[in-house]
Amino acid sequence: MPDPTIEAPYYPIIYIRGYAGSDEAVEETVATPYMGFNLGSTKTRQRWDKSVERFIFESPLVRLMKDHGYRDVYEAGEELHPRGRITPRSVIIYRYYDQVSEEFNEDPDRPRIPDYARGLSKLVDQVRAAVCGDDADARAKFRVYLVAHSMGGLIARCFLQNPSVDEFGVRGLVDKAFTYATPHNGIDVKVIGNVPGFFSRNNSSNFNRGKMREYLSLPDDVKRADSLNGEFPTDRFFSLVGTNSKDYEVAAGWSSRVVGDMSDGLVRIENATVAGTPRAFVHRSHSGHYGIVNSESGFQNLTRFLFGDIRVDGELRVSEISLPPRVARAYKEGKKVRASYHFETVVRPRGTRYDLHRRLIDENSAILRTYDEIMGENAKARHPRLFSTYLSAANRTRKRRGGALVFSVYIGVRVPDYEVDGALWFDDHIEGSYLFRDTLTLAAVPPGKNSDGWRVRWGLDSERPGQVSRNADTKRVESSEESEMEFLIPLVSKSIPGMKATLALKTTPWK
């Protein structure tokens with residue numbers, strides 16, 4: 001009998017696959033035991049010229065087994081046998097499309113999202129029974145993770161935030177939820193906008209915001225559908241966003257053409273996150289050879305969020321953005337000056353060939369802020385949140401430097417066009433130039449014998465590539481219940497126009 005001992009953070013993982021648009025896709029899905037969670041890849045686009053580089057990623061399922069000791073729940077041709085027991089480190093595939101298959105059912109029809117969510121409630125209850133049996137101590141410690149792709153994330157959200165579908169009263173057992181490329185605010189296409197609510201073929205109306213607000217139990221006055229509405233902690237819910245629309249080949253590439261750039265080929269970037277949740281952006285498509293689920297970047301974000309013990313949020317606090325002299329004079333004279341700034345960032349662990357987070361203007365994913373949003377006198381500054389990532393001080397994946405966790409952060413701020421009283425001032429702008437552009441090497445140094453806390457050392461590639469030479473200023477976050485710390489790094493460009501800013505790294509223990 002498997003060991004029922006439950007040791008945080010290694011809880012059972014339930015995987016919920018995405019939408020199968022056609023009857024053929026349904027039959028193809030139910031004919032496989034892992035419904036896509038076993039798919040890997042051998043290609044990545046990481047070279048400077050965007051050519052294909054060989055990179056073997058075995059699949060999320062295999063890597064969870066190899067790296068973290070997980071296993072599946074299939075045995076002797078059966079799944080979750082009523083009298084069987086499973087280890088807490090189990091991966092369970094929610095096979096909700098079995099009920100749609102013509103080969104498994106004589107007269108199947110497509111249930112709605114709430115029906116699938118009710119089935120998820122039942123499955124969580126079954127998994128608890130299979131792990132814990134009648135052991136009261138184990139049942140008290142039991143928790144489960146939900147990991148979902150595309151529409152599967154909407155099924156997870158319906159279960160978590162619509163009380164009427166949780167027929168077994170188990171949604172409180174979900175410790176964390178992670179979604180890949182989920183249309184949290186619906187699917188939009190060119191010309192017509194959001195998928196119409198009346199377009200019901202194969203339940204495609206599941207992605208209409210009106211329908212979504214109904215099954216997600218959102219108030220009538222909520223226009224967007226990307227809110228958890230207080231039903232699940234936002235910090236325990238992670239949104240992974242794909243930004244590669246070019247390599248999504250479904251429908252002979254027509255999907256990506258219809259949805260357009262600034263998407264993963266199916267889900268637009270602006271619709272792929274839940275409000276207030278941590279998120280990361282990776283240059284992967286919705287699915288396929290360059291898909292977001294079958295990627296090292298996706299897997300690293302998943303396991304760091306589930307098993308990491310330190311959360312790091314990077315925010316660029318801009319104190320000054322200077323304008324070209326002529327534009328600055330016009331601004332002081334009261335003329336209407338408009339300027340938009342693109343903030344780029346890439347986060348990568350030291351010595352790896354994958355990105356944890358990637359937002360670049362050439363990939364249509366950079367952060368956009370206007371001059372008034374950052375520096376306006378009557379507006380509260382909207383500092384760009386560059387990234388949220390998770391580290392583990394316990395898994396011994398530290399890179400060099402005496403046990404430090406080492407990673408790099410590229411930051412670029414692209415010079416905008418300047419518009420004065422409705423007219424573009426071309427003489428004050430060179431296309432493709434930057435206010436600031438550099439890569440930081442950051443080394444998070446764990447507490448030592450003579451230290452009572454973490455330290456962050458840093459350096460700039462423009463000075464000494466890949467080296468750290470300075471300590472970041474440190475301060476404890478006030479009025480915080482957690483032992484949160486901030487590490488402050490000054491970033492200054494000497495050019496005019498230029499930028500003065502502070503990279504604030506907030507670290508929080510991640511339980």
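Calculate, for Arg476 and Arg317, the FRET efficiency according to 1/(1 + (r/R0)^6) with r their C-beta to C-beta distance and R0 25 Å; round to the nearest 0.05. Efficiency computed from Cβ-Cβ geometry: 0.90.
FRET efficiency for the pair Glu270 and Arg326, taken as 1/(1 + (r/R0)^6) with r the Cβ-Cβ distance and R0 = 25 Å, rounds to 0.15.
Spherically averaged projected area of the convex hull of Cα atoms, the range 311-509: 12.9 nm². Take the alpha carbon atoms of the range 138-153, find their center, do the same for the range 64-103, and report the distance between the two centers in whole angstrom. So the two Cα centres are separated by 13 Å. Peptides 94-100, 67-73, ordered by how many other C-beta atoms sit within 10 Å of their residues on average, highest first, read 94-100, 67-73. What does a probe at Phe104 reach in the range 142-161, counting residues whose amide N is under 16 Å from the point 7 Å along Cα→Cβ? Residues passing the 16 Å test: 152.
Of all DSSP bridge pairs formed entirely within the range 13-307, close to 25 percent run antiparallel. Each of Glu333, Glu231, Glu102, Glu296 has some number of other Cβ atoms within 10 Å of its Cβ, and from fewest to most they run Glu333, Glu102, Glu231, Glu296. Using 0.36 nm per residue and subtracting the Cα-Cα separation, the extra length available between Thr42 and Ala76 on full extension is 9.1 nm. About its Cα centre, the chain has a charge dipole of approximately 2000 debye under the convention of +1 per Lys or Arg Cβ and -1 per Asp or Glu Cβ, with nothing else charged.
Using r as the Cβ-Cβ distance of Asp220 and Lys122, and R0 as 30 Å, what FRET efficiency do you calculate, to the nearest 0.05? My answer for the efficiency is 0.50. Site pair Lys246 and Asp49 shows an inter-label distance of 1.4 nm when each label is modelled 7 Å from Cα along Cα→Cβ.
In terms of its C-alpha gyration tensor, the range 13-307 comes out rounded, because the ratio a/c of the largest to the smallest axis stays below 1.5. Stokes-Einstein diffusion for the chain at 20 °C, viscosity 1.002 mPa s, with a Kirkwood radius from C-alpha pairs, works out to 87 µm²/s. Exceedance of the 18 Å cut-off in Cα-Cα distance is limited, within the set Lys335/Lys494; Lys141/Lys176; Lys332/Lys494; Lys141/Lys506, to Lys335/Lys494; Lys332/Lys494; Lys141/Lys506.
Only Lys, Arg, Asp and Glu carry charge here, each on its Cβ (+1 for the first two, -1 for the last two); on that basis the range 13-307 has a dipole of about 1080 debye about its Cα centre. Distance from the C-alpha centroid of the range 456-511 to that of the range 299-338: 14 Å, rounded to the whole angstrom.
Take the Cα of Asp421, step 7 Å toward its Cβ, do the same at Thr234, and the gap between the two points is 4.2 nm.
Quick one: of the DSSP bridges fully inside the chain, what percent are antiparallel, nearest 5? The antiparallel fraction comes to roughly 75 percent. Given only helices, namely DSSP H runs of n ≥ 4 each adding -39500 (n - 2.57), what is the per-residue ellipticity at 222 nm of the chain, to the nearest 500 deg cm²/dmol? For the chain, the value works out to -5000 deg cm²/dmol.
Only aspartates and glutamates eight or more places from Lys43 in sequence, or on another chain, were considered; those with a Cα closer than 14 Å are Glu53, Glu58, Asp247, Glu296.
Bear in mind that the values in this text are calculations on the coordinates, not laboratory data. Remember, it's a predicted structure, so these values are computed and weren't measured experimentally. As a convention, Cβ positions derive from the backbone with ideal geometry for all residues, glycine included, and neighbour counts pool all protein chains shown.
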